[in-house]
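Student: Once you've had a glance at the structure underneath, I'll fire off some questions.
A short reminder: the numbers here are calculations on the coordinates, not readings from a lab. Small disclaimer: the values here were computed from a predicted structure and weren't measured. Here the Cβ positions follow ideal geometry from the backbone for every residue, glycine too, while neighbour counts run over all protein chains shown.
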Amino acid sequence: MKTVGLLCVVGLCALNAAFSMKICAFNVQSFGESKANNKKVMGILLKIISRCDLCLIQEVRDSKGRAIQTLLKDLNRFDKSNSYSYVESERLGRKRYKEQYVYIYRNNVLKVKEQYQYPKLEAQGTNDTDVFSREPFIVRFHSPTTLTKDLVLIGQHTSPKRAMKEMDELYIVFTEINRKWRTENVMILGDLNAACGYVTIKGWRAVRLRSDPKFRWLIRDEQDTTVREKTHCAYDRIIVHGREIFSTIVPGSAQPFNFKEIFHLTEEEALAVSDHFPVEVDLKPNHHYLLRSEL
């Protein structure tokens with residue numbers, strides 16, 4: 001009986017590993033036509049992104065929109081076992097500097113239910129013209145293959161100098177989304193610049209995302225999401241809210257993906273792709289759905 005029980009546990013773990021959903025966030029560092037036309041860089045990007053069922057790309061700098069279209073076209077050629085689509089934000093930023101958030105997802109696994117571009121809001125009691133340098137882009141996905149069917153992702157790339165203020169303001173964003181879409185299952189992810197010189201121990205106490213125990217920070221402070229060997233900072237984070245979504249996290253799956261080490265790249269080769277590592281987390285599969293689909 002013990003052997004049978006052990007085999008069941010091993011089998012369940014194998015099933016979880018095989019069918020879990022991987023969610024990623026990757027600051028690709030000024031992604032535009034130059035990188036899209038670099039075959040070596042694109043080859044590495046395809047390997048990285050094709051590992052993910054859903055990936056938030058940040059720092060898309062291409063005003064013509066060609067770079068993402070090229071990436072998606074190449075991705076669908078590279079991974080013929082899946083079909084990829086994307087949903088993109090407005091071009092965001094102050095003055096001339098503009099970026100976009102882009103969610104690339106497997107459309108044979110996920111469906112977009114709703115999307116919401118957070119509006120520009122004036123900061124109260126300061127001389128700032130708006131709260132965020134790049135307003136969050138929020139997308140609600142339907143996920144039939146995971147235990148959590150309703151997933152809301154809040155993508156954010158903070159301004160380094162305003163990182164703590166913007167992270168605190170994400171608490172308000174969550175509150176609005178919670179009221180707007182009536183869901184507790186929310187994931188906040190992206191390059192939050194949440195480490196090293198951009199945060200202080202004293203300042204952390206004022207960041208409501210950090211002080212409220214209902215928000216779980218899956219990427220730990222001591223982890224390194226930077227490519228350069230001389231830095232060790234957990235800039236990129238994944239934060240979840242909601243008992244249901246937290247209970248479906250595969251233990252130990254939240255981590256940076258060190259593509260430099262995995263793909264045996266030099267630091268120079270890796271930096272040509274990005275100065276950030278992607279961060280990722282896996283969600284447990286819905287075994288009942290998988291069994292029904294097999295029948």
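Student: To make sure I understand, if each residue's beta carbon is the centre and we count other beta carbons within 10 Å, what order do 89, 81 fall in, fewest to most?
Tutor: Working: 89 23, 81 7.
With the sparsest Cβ surroundings first, the list reads 81, 89.
Student: Please order 61, 205, 91 by the number of other Cβ within 10 Å, starting at the fewest.
Tutor: 205, 91, 61
Student: If you rank 161, 80 by fewest surrounding Cβ atoms within 10 Å, what's the result?
Tutor: By the 10 Å Cβ count, ascending, the order reads 80, 161.
Student: A further question follows. Rounded to the nearest 20 debye, what is the charge dipole size of the range 2-294 about its Cα centre when +1 sits on each Lys and Arg Cβ and -1 on each Asp and Glu Cβ?
Tutor: Using only the charged Cβ atoms, the result is roughly 440 debye.
Student: If we sort 69-76, 278-285, 44-51 on the protection proxy, mean other Cβ atoms within 10 Å, highest first, what's the order? Mind showing how you got there, number by number?
Tutor: Details: 69-76: 16.9, 278-285: 23.2, 44-51: 18.9.
Order by mean packing, descending: 278-285, 44-51, 69-76.
Student: Return the subset of 22/47; 22/111; 73/95; 22/73 for which the Cα-Cα distance in this structure is over 24 Å, preserving the input order.
Tutor: Checking Cα-Cα distances, 73/95 exceed 24 Å.
Student: Now for a separate question. When only Cα pairs under 8 Å and 6 or more residues apart are kept, what is the percent relative contact order across the chain?
Tutor: So the answer I get is 19 percent.
Student: Only helices at least 24 Å long along their axis, Cα-based, and averaging 0.0 or more on Kyte-Doolittle count here, so list those DSSP H runs from the chain.
Tutor: Going by DSSP H runs, the hits are 2-19.
Student: Of the options 235, 108, 54, report the single residue whose Cα projects farthest towards the positive end of the charge dipole of the range 2-294 (beta-carbon charges: Lys, Arg +1; Asp, Glu -1).
Tutor: 108
Student: Next question, about the same structure. Among the DSSP beta bridges whose two residues both lie in the range 2-294, what percent are antiparallel, rounded to the nearest 5?
Tutor: 80
Student: Determine which lysines satisfy two conditions relative to residue 98: a Cα distance under 21 Å, and not lying fewer than 8 residues away in the same chain.
Tutor: Within the straight-line cut-off, residue 98 pairs with 35, 64, 120, 161, 165.
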